[in-house]
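Here the structure is laid out as structure tokens; the discussion comes afterwards.
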Amino acid sequence: ALRVRRSVQEMRRSIPETVTLEVYNDFSVFIQNRLNTLRWSGAIGLCIVLAMLWFFVRTRIALLTSLGIPFAMLGAIVLMSAYGISLNMVSLFGLILVLGLLVDDAVIVTENVYRYVEQGLDSRAAAIRGTSEVAWPVVATIVTTVSAFVPLLMLPGVMGVFLSPIPVVVSFALLASLLEVLLVLP
């Protein structure tokens, strides 16, 4: 938006005074508002997750679990870029929508690993055993959540094209969350 405004200013110098050149339908304001909503929702969600997990489990586990939010968001944005999906009103809505779902699987894995740590296993063995024990249920959880959004890909016409980034973005974020919980978190 800033480059467009600069270009308009430069072009105004070279056109006759009888011609007016203005910026219309500047949607960058709406995009900026969505980005701010995503930023604040993510920060608040991260704080709530940290507080709840800190209350119920050890601080280290709370910190590790809460790292899933930024990791999944970053992973989703990288996948969106690779897939050719830009950050726009619809894709940002998908990211905001999935924000609350990103730590569910991490909580399951960390709780199971923590259970083995409490039983006396060293942290490496507890991480391997606890994660492998719940890996398939976590995968099933992610797949069922993604499946709930798949029908949006099948909408016909303009509405289908307009809404198609939502299930793709949600799927990317959940996939990144799944990779984080099965490979990085343990």
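The values are calculated or read from the model by the stated rules, or taken from the named source; none is laboratory data. What you see is a predicted model; the values in this text were computed from it and never measured. Using ideal geometry, Cβ is built from the backbone for each residue, glycine included, and neighbour counts are taken over all protein chains shown. To get the accessible areas, we keep the full protein, side chains included, count just its heavy atoms, and leave off ligands, DNA and RNA. Shrake-Rupley method; radii C 1.70, N 1.55, O 1.52, S 1.80 Å.
Remark: pairs (first residue in region 135-164, closer than 30 Å to residue 184 by Cβ; second residue part of a loop (DSSP other than H, G, I, E, B); Cβ separation under 7 Å; 6+ apart in sequence or on different chains) = 152/164; 153/164. For region 76-105, residues that are part of a helix (DSSP H, G or I), over 27 Å from residue 29 (Cβ atoms) and open to solvent by less than 20 Å² (accessible area, probe 1.4 Å) total 1. Mind checking whether some residue in region 11-23 is farther than 25 Å from residue 164 by Cβ, within 24 Å of the chain's Cα centre (by Cα) and part of a helix (DSSP H, G or I)? No.
What is the residue count in region 129-147 for residues that are open to solvent by 40 Å² or more (accessible area, probe 1.4 Å) and touching a Phe, Trp or Tyr at 6+ places or on another chain (Cβ under 9 Å)? The total comes to 2. Considering only residues that are more than 26 Å from residue 27 (Cβ to Cβ) and open to solvent by 60 Å² or more (accessible area, probe 1.4 Å), which ones fall in region 65-75? Selection gives 67, 70, 71. Restricting the first member to region 27-43 and to residues that are open to solvent by less than 80 Å² (accessible area, probe 1.4 Å), and the second to residues that are not in a helix (DSSP H, G or I), the beta-carbon pairs closer than 6 Å and six or more apart or on different chains are 28/1.
Quick one: in region 106-126, which of the residues that are aliphatic (A, V, I, L, M) and more than 17 Å from residue 139 (Cα to Cα) is least open to solvent (accessible area, probe 1.4 Å)? Explain how you work it out, then say what you get.
Initial filter on region 106-126 (aliphatic (A, V, I, L, M)): 106-109, 113, 117, 121, 125-126.
If we keep only those that are more than 17 Å from residue 139 (Cα to Cα) as well, we get 117, 121, 125-126.
Values: 117: 43, 121: 58, 125: 35, 126: 0 Å².
Filtering first and then ranking leaves 126.
Could you go through region 149-162 and let me know if any residue there is surrounded by fewer than 16 Cβ atoms within 10 Å (Cβ to Cβ), touching a Phe, Trp or Tyr at 6+ places or on another chain (Cβ under 9 Å) and closer than 13 Å to residue 68 by Cβ. No, region 149-162 has no match at all.
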